[in-house]
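Undergrad: Provided herewith is a single structure, encoded as structure tokens, for subsequent inquiry.
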Amino acid sequence: MYKKERKTERVHAFLAEEIRRLGDPCLGFISITGIKLSPDGRVARIYWSYFGAIGNSANESAFLNREEIAAVDAALKKATKFLRRRIGEELELRYVPELIFEYDSSVETGARIDMLLEKAGL
């Protein structure tokens, strides 16, 4: 179990840095919030969230809409082959995992709840 956690942490840190290096404006304010690696290490489910204006503004425009989420998903899909190749080059893993990116709405949900509580004066 410890070995799997360590492998997951290495993939997480590596992907976060590589995504930053891509320089794609769609990916400028995303953060990797978590990774679930399959038991055999062949599939990595990567959860991402948006960390741009959410912390700087308390209005609805601070959150991503469906089109923006789709644009980020498309940019991540486009970069998947490159990111897998980089993992294979840099990390010594038995298998280079298939990368599946999924939007993590938990941060946005928490921010919306905070915003509503603030509006209600609580």
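The values are calculated or read from the model by the stated rules, or taken from the named source; none is laboratory data. A quick note: this is a predicted structure, and the numbers were derived from the prediction, not measured. All Cβ positions, even for glycine, are placed from backbone atoms using ideal geometry, and neighbour counts span all protein chains on display. Areas reflect the complete protein model, heavy atoms only, side chains present, ligands, DNA and RNA absent. Shrake-Rupley method; radii C 1.70, N 1.55, O 1.52, S 1.80 Å.
Undergrad: Answer yes if at least one residue in the range 63-72 is aromatic (Phe, Trp, Tyr) and either at pLDDT below 90 or in contact with a Pro (Cβ under 7 Å, 6 or more places away or on another chain) (or both), and no otherwise.
TA: yes
Undergrad: Report, ordered by the first and then the second residue, all pairs with beta carbons closer than 7 Å, sequence separation of six or more or different chains, a first member in the range 102-122 that is farther than 27 Å from Leu37 by Cβ, and a second member that is outside any loop (DSSP other than H, G, I, E, B).
TA: Ala111/Ile54
Undergrad: Out of curiosity, is Leu99 crowded, with 17+ Cβ neighbours inside 10 Å, assigned to a helix (DSSP H, G or I) and within 14 Å of the chain's Cα centre (by Cα)?
TA: Against the criterion (crowded, with 17+ Cβ neighbours inside 10 Å, assigned to a helix (DSSP H, G or I) and within 14 Å of the chain's Cα centre (by Cα)), Leu99 does not qualify.
Undergrad: Just one of (1) out of contact with any helix residue (DSSP H, G or I) (no Cβ under 6 Å at 6 or more places or on another chain); (2) surrounded by 13 or more Cβ atoms within 10 Å (Cβ to Cβ); (3) among the charged types (D, E, K, R); (4) modelled with pLDDT of 90 or more trips up Arg86, so point out which.
TA: Only one criterion in (1) out of contact with any helix residue (DSSP H, G or I) (no Cβ under 6 Å at 6 or more places or on another chain); (2) surrounded by 13 or more Cβ atoms within 10 Å (Cβ to Cβ); (3) among the charged types (D, E, K, R); (4) modelled with pLDDT of 90 or more is unmet by Arg86, namely (1).
Undergrad: Hey, can you tell me all the residues within the range 1-49 that are surrounded by 15 or more Cβ atoms within 10 Å (Cβ to Cβ), assigned to a helix (DSSP H, G or I) and of a type outside the set (D, E, K, R)?
TA: Matches in the range 1-49: Thr8, Val11, His12, Phe14, Leu15, Ala16, Ile19, Leu22, Cys26, Leu27.
Undergrad: Please indicate, with yes or no, whether at least one residue in the range 59-72 is among the β-branched types (Val, Ile, Thr), part of a helix (DSSP H, G or I), open to solvent by less than 80 Å² (accessible area, probe 1.4 Å) and without any contact (Cβ under 8 Å) to a residue 12 or more places away in the chain.
TA: No, the range 59-72 has no match at all.
Undergrad: Could you please find all residues in the range 105-122 being β-branched (Val, Ile, Thr) and within 14 Å of Leu64 (Cα to Cα)?
TA: Val107, Thr109
Undergrad: Same structure, new question: Mind checking whether some residue in the range 103-110 is within 15 Å of the chain's Cα centre (by Cα), charged (D, E, K, R) and in a helix (DSSP H, G or I)?
TA: The answer is yes; a qualifying residue exists.
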